[in-house]
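Written out below as structure tokens is the structure these notes cover.
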Amino acid sequence: MSAFVPLVHAGLLVGLALVCLVDRRLARACLAFIGFALMMALAWWHLGAPWLGLAEALFGALFTGLALLHALGTWSREPGPPSHDHFLRRRRQVPIRLLVAVAWAILVAMGVGLLLGTGVVELLAEGRRRPLLPAGLAIMTLGAWAFATHTHLLRRLLAFNLLGSGIFLLLAGLAGARAEVQALILVGLVVAWLGTLLGAVLIRRLHALESRVTLVAEDEPGGGE
Amino acid sequence: MSAWFGLAASPEAFPPAMMAALSLALLAPPLLGVVAMRFPPRHPAPVVAVALPAITLWLLTAVAAHGGHHAPVSLGALDLQLRLDALSALLLLLTQLLMLASAAYAVGHRQAARIPRRAAAWLWPLLGGLTTSLALIWLAADLLTLYAALELMGLCAVAMMLLPGQADALAAGMRYLLFALVGSLAWLLGVALLLGAWGRLDLAGLSATVEPGPVTWIAVALLSAGLLLKAAIFPLHAWLAPVHGSAWPPVSAIHGALVVKASFFILLQLWLLLIPGQVAGAWVLGGLGSAAVLWGGLLAWRARGLKQVVAFSTVGQLGYLLLAFPLLIGTSEAVAALAWQGTWLQLAGHALAKAAMFMAAGNLLLATGHGGLAELAGTSRRLPLALMTFGIAAVTLMGLPPSAGFTAKWLLLQAALLAGQWPWVLVLALGSLLTAAYVFRVFRYTFVEEAPRHDFRQLPVGMDLIALLLALTALGLGLAADWPLAMLRPGGGEP
Amino acid sequence: MTSLLFAAGLWLALLWPLALALRVPVRAALASPGHSRRLLDGLWCTAPLPALGLAMLAPPGQLVLEWWMLGGVWELDGLRRPLLAFTALLWGLAGFHARGYLAPEQARLEAGDGSAGGRLQRFALLWPLTLAGNLLLIVAEDIASFYLGFAVMTFAAYGLVVHAGTRDARVGGLAYLVMAVLGEGLILAGLLWAAGSAGTLTLGGLREAIAAAQQGVWMAVLLWLGFGVKAGVAGLHLWLPLAHPVAPTPASAVLSGAMVKAGLVGWLGSLPLGDPGAGEAFARLGRVMLVAGLLAALGAALYGVCQRHPKAVLAYSSVSQMGMITALVAMGLIAPMAWPAISAAVVLFAAHHGLTKGALFLGVSIGEHPPRVPAWLLWSLLALPALSLAGALGSGLATKWAFKSPLYESGHSGVVAWLSLAAVGTTALMARALWRQWQSGVQARRDGLIPLAGPMPLAWLGMLLAAGTLPWWLPLGRPAWPPVDELPGLLWPVALGVGLAVAAAWAARRWPWHLHGRLPPGDLWWPLAAAWWGCRGRVQGPMAWLGETRAVLVACLVEGERRWKGRLVAVSRAEGWLRRHAAVLMMVIAIVLAMTMWGTA
């Protein structure tokens, strides 16, 4: 049972991340992100860092979620960006980007694996931390791939947030819930929130000024960022 | 190598006076920024009156006389580390001087460009935050502080770039925001691996315990990639030029002069401390730097807008800094000493000259009202001061004597010859030629008299003078280079 | 402690003018638009005071600055102190005078005339800058500082010469600049050659090196001619009579009184004067210098009396006086044993001429704007420095005796005779200058009088006082006064000069020659300029062909650049590609870096 719960937890995290990144209906993706952030908070609490869990719930779920919904124009009378992402990348770019993201993931995985091999991290002694590493790796890979592939700015913001969360999980999985780790993650959380807020405001302004939701200029057809 | 960065094996507390001065240097800028946001200065005089550089000068003389300090600073359960040696004090001084110059310029610029009061007021707290984050980056001796400072710097820089509020500024700023955030995440990933492997974050401890091995290499590769993206090094530089295209000149000046270099500073520090024997990796970075010199020069040569010329020239000039890696890593003591001095002199000289150049370009743009090079026709007669400033700054960038750029490139050249690393000699020569090409292209446009316009706008003299002063400082740094170089001699700060 | 004080004083003396120069742009930058302030205020006038204090009070000393350029050595010795003292005093009084002289421009600035503001600002900035260069070159013992000071002074003074911005001022400025660049070139060549061949960085070392070097005499020729441009050696003096009349009067006073002496300082610093081991070649050079000096002394007097503008007459008098100084300096090469006594006389002569000529120049503007004093008093005061320069009074008499006695003792009485003849010329020149002033002064008196207590009359009176009492306060040791039975021998040139002047005036009234129309100020400049334009016309044909070739070449280059740029379109397309793929590229770079490190381990 005690080994099973964290496993389910990790699975939920990856699942929500997947929904958040793959779903083209932006409102649903944002809601999935809020759920994901709450799951993250739960993970920190499990790890013995309740204050970090609280910070995650506050900054990750509440504030970032509010910022994302603001970007969608949920509470605004002015029309927000369309609620559906229908941009498509050129077909030949997609596999290359996937390939690079996978190579990047393999690189990180090799680092983590070598670390485990050297026995510096007594991972097996701490059962609670074990599932964090593969989950973090998976979420980071998804985030990296999505960041490289998506063109819609809101989805790139989501991808960036998930990439960050995956790295936080890896960090905690590798080094435990020490004070330094908590401080690093806390800084990361605040910055991710501020970045998302800034990004959300920018998306609204860009849409209002030029009704565009990507950075692809008109003279670069189908290019995408 | 840890002594080069003023890191001691056993840190001890700062003397109280020094601690007070440091706290002032770190805390005063944001406070002043908030005050200035509420009461925006209408005149450059109160800005210039901020005496922070004097305090830093005192710190510098103290450090030069008695050697550097490296001290732990406890923050609850966290153990942070700060160090103050000649290098960090010099960089701190440079930062504060440039910030004050840019702030003084911004006062005139706001009035001349008729920027709305509300948008302009936000500049001040952001400048303050940027100053503090840069100061922290020069001073911090552990990865946690560096991470926090790096993030603060990135956010402040992005926010400053967004202030003009036009669509192209917003789009470029959005791109910058995304890349800055992702670059920091790559850095955090590397830090996670390091922390997992060696269990500590302080640089002195890491440099003593880290052993070369795949985990270290992967970690350094990850965080290098993130820092290279933030430092706008070829081929990850492409966000830089659009960002500068629409930013305000005082913001561009600070960004081109300091912000991109902070990432370089961290990168060099980590390589020298963590993988001091990694020659092949250093050559890869040197190769990237050479490519940056040529690529930046080429693009500056064919850029259409004046600010694009200056922005691409930043890309090229940053490339010179990367030559420090192959010249410092795995070379003899003498080569490393030359390259060390040359690198920091290049950094300082370029920072001053680039700030001057952005300001001069801003003056030309404001006066002509257009950003294109072709619009500069006839400026040679009407705006000689701004053009002269541009020219003096360009002397430093081209590396002509007696500028700081010349001394720096001379030192790098000597180091490359001494080490027998011929490719860099070629890069230095080609880079200077390309720089001359794009600078003279700008001047050629200014001397066109065929369609002389007569509606140049009058600007306050102060705006030209600040830029001229910076350009002359860059030139004078070459004459008085002995003073900083004596302090930067490896171990020069040591008693 | 004293050395610290000395260093502080020296720094203050040099930095204070610079600080005051810097104050001008800073105030301009800080001033709110539309609000003009007094540019030449009391603080501005204090620029040379620290240097004056240093020269009068400080003991001889030396300051070594290892970090300064190639290593700086600044020194204050027996010859430098009097030079510094009279230079600083002259600058101070002339600066004070400038306050009054430029007051109309200040008024126009306040009335909203932008061009007057720009001119005044330039003057306020360049005046202390020129002063700083002048002071630095006097105290510098290392070559780099000396040259720096010389160059700063020379080029900053250009702005003072062209102050008025009229056509004449531009011609004067052009002459000044052309000759200055020529001089700088010669000096730089000489300094680099001599310093480079001997590996020395100080002027003392330079003198020894030149005396010992095989080609030493050629180095000395270069330096003599280079500094001679400034000192107005015959043939190189062209700029003096052109630049002086057009410059503002206070600037003329320092040009003629102090800056011209920079050439002398250069000679004293770089030529192996009084070195018995210098060799025969140097004695030959000395004889050439002597002839050139006497030629200038007499020729300038003859040409100068035909001038109309009092400042042009005074400028020719400067050429003449500097010719006499050149002749005396030449004695340092011809008769090295007598040099110690002559050198003191040369410095006294320089100080005497500097202050007296300053008083005469300020007197010109006093003549144009007469103060509220009786006419007889004013004209006797104006005549005083003229008599002194001719050698009949005060410092002039002391100076004359100071060089006459060592020349007699060393058996060069021939030179004394020639110098006495030059003094006749000087007297005639002075008479001519006063006469021209008198003619324009009568009209000026009708136009109105200015109060006596203003800066212009006060500065002039101060200069009169300083020039008259020079031998008593100059830190050069007490000069000997001539015994009474020598007086006729010293005074006959003055009497002869006065007599000739009266006769010539009478003759000119009977048979007007209108010589001044045929002999414009600047003498050789005009034929040279005409020849230059003629040559340009002559070579225009070939030049046109060259121009066509150049046009073809430029067209080719432009075409090449255009074609290249066409190719570079690919570069900008690649830049766009890089921009779109930055995120992927970051990952690729991480992978490449890691693989490289791993692969080569």
A versus B: buried accessible surface, summed, Å² (probe 1.4 Å, to nearest 100): 3600
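B:Asp482 to B:Ser10: FRET efficiency via 1/(1 + (r/R0)^6), r the Cβ-Cβ distance, R0 41 Å, to the nearest 0.05? Could you put the intermediate results ahead of the total?
Details: r = 33 Å, r/R0 = 0.80.
Computed FRET efficiency for B:Asp482 and B:Ser10: 0.80.
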Range of Cα positions in chain A per principal axis (Å), largest first: 55, 38, 30
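With a cut-off of at most 15 other beta carbons within 10 Å, and DSSP calling the residue loop, which trypsin sites (Lys or Arg not before Pro) in segment C:372-435 qualify? Please list them.
Numbers: sites: C:Arg372, C:Lys400, C:Lys404, C:Arg432; in loops: C:Arg372.
When the trypsin sites (Lys or Arg not before Pro) of segment C:372-435 are filtered for loop state and at most 15 Cβ neighbours within 10 Å, C:Arg372 remain.
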Segment C:71-195, relative contact order in percent, only Cα pairs under 8 angstrom and at least six apart counted: 24
Cα centroid of segment B:151-230 to Cα centroid of segment B:272-346, whole Å: 19
Gain upon complete extension [B:Arg457, B:Met19; 0.36 nm per residue less C-alpha separation]: 152.9 nm
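Using R₀ = 25 Å, calculate the FRET efficiency as 1/(1 + (r/R₀)^6) where r is the Cβ-Cβ separation of C:Leu449 and C:Ala383; round to 0.05.
Details: r = 19 Å, r/R0 = 0.77.
With R0 = 25 Å, the Cβ-Cβ based efficiency is 0.80.
What total accessible area, in Å², is buried where chains C and B meet, using a 1.4 Å probe and rounding to the nearest 100? Could the numbers behind the result be given before it?
Values: alone 26890 and 18360 Å², together 42040 Å².
Approximately 3200 Å² gets buried when C meets B.
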Cβ-placed point charges (K, R +1; D, E -1), dipole of chain B about Cα centre in debye, nearest 20: 1480
Estimated distance in nm for a label pair at C:Arg170 and B:Arg444, the labels positioned 7 Å out from Cα along Cα-to-Cβ: 2.9
Separation between Cα centres of segment C:397-424 and segment C:131-162, rounded to whole Å: 32
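Treating only the Cβ of Lys, Arg, Asp and Glu as charged (+1, +1, -1, -1), what charge dipole size does segment B:281-495 show about its Cα centre? Round to the nearest 20 debye.
Values: 12 positive and 8 negative charges, 99 e Å.
Value, rounded to 20: 480 debye.
With viscosity set to 1.567 mPa s and temperature to 4 °C, compute the Stokes-Einstein D of chain B, Rh being the Kirkwood radius across alpha carbon pairs; µm²/s, no decimals.
Values: Rh = 22.5 Å.
Approximately 58 µm²/s, per Stokes-Einstein.
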Within the accessible area of the protein assembly as shown (1.4 Å probe), percent carbon and sulfur: 69
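Over chain B, what is the mean sequence separation of C-alpha contacts under 8 Å (at least six apart), divided by residue count, expressed as relative contact order in percent? Mind dumping the intermediate values first?
Numbers: 851 pairs, mean separation 78.4, N = 495.
Computed value for chain B: 16 percent relative contact order.
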Longest segment of chain A lacking trypsin sites (Lys or Arg not before Pro) that sit in a DSSP loop with at most 13 other Cβ atoms within 10 Å: A:93-225
Karplus-derived 3J(HN,Hα), 6.51/-1.76/1.60, for each residue of segment B:97-104, Hz, glycine and proline x: 4, 5, 4, 5, 4, 5, 5, 5
Other-chain or far-sequence residues with amide H under 5 Å of B:Asp142's (modelled H): B:Gln81, B:Leu203
Degrees separating the helix B:461-479 axis from the principal Cα axis of chain B, which is the longest one: 40
Angle between chain B longest axis and helix B:214-230 axis [Cα atoms, degrees, rounded to 10]: 20
C:Trp472-C:Val569 pseudo-label distance in nm [points 7 Å out on the Cα-to-Cβ vector]: 8.8
Pairs of Lys in the protein assembly as shown closer than 27 Å at Cα, counting only those 8 or more apart or on different chains: 25
Cβ-placed point charges (K, R +1; D, E -1), dipole of chain A about Cα centre in debye, nearest 20: 400
Inter-site label distance for C:Arg122 and A:Arg77 at 7 Å from Cα along Cβ, in nm: 6.1
Mean projected area in nm² (Cα convex hull; one quarter of hull surface) for segment B:93-246: 9.9
Rounded accessible area per residue of chain B, 1.4 Å, Å²: 30
Estimated FRET transfer efficiency (B:Ala437, C:Arg38; beta-carbon r; R0 51 Å; 0.05): 0.60
Percent RCO, i.e. relative contact order, over chain C, from Cα pairs under 8 Å lying at least 6 residues apart: 13
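Just round it to a whole percent: the fraction of Cα-Cα distances in segment B:281-495 exceeding 20 Å. Write down the numbers at each step before the final one.
Numbers: 13067 of 23005 pairs.
The proportion of pairs with Cα distances above 20 Å equals 57 percent.
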Order of exposure, largest accessible area first, which applies to C:Glu486, C:Glu184, B:Glu12 with probe 1.4 Å: B:Glu12, C:Glu486, C:Glu184
Scattering profile of the protein assembly as shown at q = 0.04, 0.05, 0.06 Å⁻¹ [log10 I(q)/I(0), Debye over alpha-carbon scatterers]: -0.31, -0.47, -0.64
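The values are calculated or read from the model by the stated rules, or taken from the named source; none is laboratory data. The shown structure was predicted, so the numbers you read here are calculated from the model rather than taken from an experiment. Backbone-built Cβ (ideal geometry, glycine too); neighbour counts: all protein chains shown. Surface areas here come from the heavy atoms of the whole protein model, side chains and all, with no ligands, DNA or RNA. Shrake-Rupley method; radii C 1.70, N 1.55, O 1.52, S 1.80 Å.
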